[in-house]
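Notes for the one structure printed next.
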Amino acid sequence: MGQLDTQETRRRWSEEAYSALVDVARTYHAVITYKELAEEIQARSGIRTKVLLHNWIGPILGRVVREAHRRGDPPLTALVVHSDDGMVGAGYKEVLEIAGQPPLDGVEERERHAAEARLACYRHFGATLPADGGIAALSPRHQAAVERRRGGGRTPPPVCTGCFVELPATGVCDSCG
């Protein structure tokens, strides 16, 4: 690979990251994981590293944030999520800093902001949108986690009004009859 910390490597990886993220933005509700993006950057640039992902991806995405802001593009880094929980990383705060916006109070606020930013990316980079213009959405993995925490929208099982015990499939309480 050559020297990882060279400015040329960082410049090329940043350009490839930008290009890869524009490609992602062309598909409505698409996201990419940090790992997938890292592999794409290395494949496109031909510059590989064995350095752990978390030791180099942040500065590359920081360059992407600044370049998107310079170009007047929406924050492409909103498209990059963790594979385990589908959330943007803590480094997403740089999007707000560069835009001169105040920090967000919590994780869910950050995720809502990222969802809105993703929608802006889809619109800006020409994704095929629904007739209504599309909606901001959490990443599929994060949305599934939110629904699990909420109970997945399932209705609670029926309960006997006499003894307050969950009713069997027959719908007749075994205790109260």
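The values are calculated or read from the model by the stated rules, or taken from the named source; none is laboratory data. Every value quoted in this text rests on a predicted model; they were computed, and no experiment measured them. All Cβ positions, glycine included, derive from the backbone under ideal geometry; neighbour counts span all protein chains shown. Ligands, DNA and RNA are stripped out before the accessible areas are found, and what is left, the full protein with its side chains, is counted by its heavy atoms. Shrake-Rupley method; radii C 1.70, N 1.55, O 1.52, S 1.80 Å.
Here are the numbers:
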quantity: Selection status of Ile60, part of a helix (DSSP H, G or I), in contact (Cβ under 8 Å) with a residue 40 or more places away in the chain and either open to solvent by less than 20 Å² (accessible area, probe 1.4 Å) or of a type in the set (A, V, I, L, M, F, W, C) (or both); calculated: yes
quantity: Within the range 149-177, considering residues that are exposed (fewer than 13 other Cβ atoms within 10 Å of the Cβ) and hydrophobic (A, V, I, L, M, F, W, C), the one modelled with the highest pLDDT; calculated: Val172
quantity: Residues of the range 68-111 satisfying the condition of being closer than 29 Å to Glu147 by Cβ, in a helix (DSSP H, G or I) and of a type in the set (A, V, I, L, M); calculated: Leu76, Ala78, Leu79, Ala90, Val95, Leu96, Val107
quantity: Test: residue in the range 18-30 that is in a helix (DSSP H, G or I), of a type in the set (Lys, Arg) and either within 30 Å of Asp132 (Cα to Cα) or more than 22 Å from the chain's Cα centre (by Cα) (or both); calculated: no
quantity: Total residues in the range 39-57, condition open to solvent by less than 60 Å² (accessible area, probe 1.4 Å) and closer than 14 Å to Gly91 by Cβ; calculated: 3
quantity: Residue among Ala127, Ala114, Ala137 that alone is under 21 Å from Val24 (Cα atoms), in contact with a Ser or Thr (Cβ under 8 Å, 6 or more places away or on another chain) and touching a residue at least 24 places away in the same chain (Cβ under 8 Å); calculated: Ala127
quantity: Count of residues meeting criterion [open to solvent by 60 Å² or more (accessible area, probe 1.4 Å) and touching a residue at least 40 places away in the same chain (Cβ under 8 Å)] in the range 19-35; calculated: 4
quantity: Residue list for the range 112-148, filter: assigned to a helix (DSSP H, G or I), under 23 Å from Asp23 (Cβ atoms) and open to solvent by less than 70 Å² (accessible area, probe 1.4 Å); calculated: His113, Ala114, Ala115, Ala117, Arg118, Leu119, Ala120, Cys121, Tyr122, His142, Gln143
quantity: Hey, Tyr92 over 9 Å from the mean Cα position of the chain (by Cα), surrounded by 15 or more Cβ atoms within 10 Å (Cβ to Cβ) and without any contact (Cβ under 8 Å) to a residue 60 or more places away in the chain or not; calculated: yes
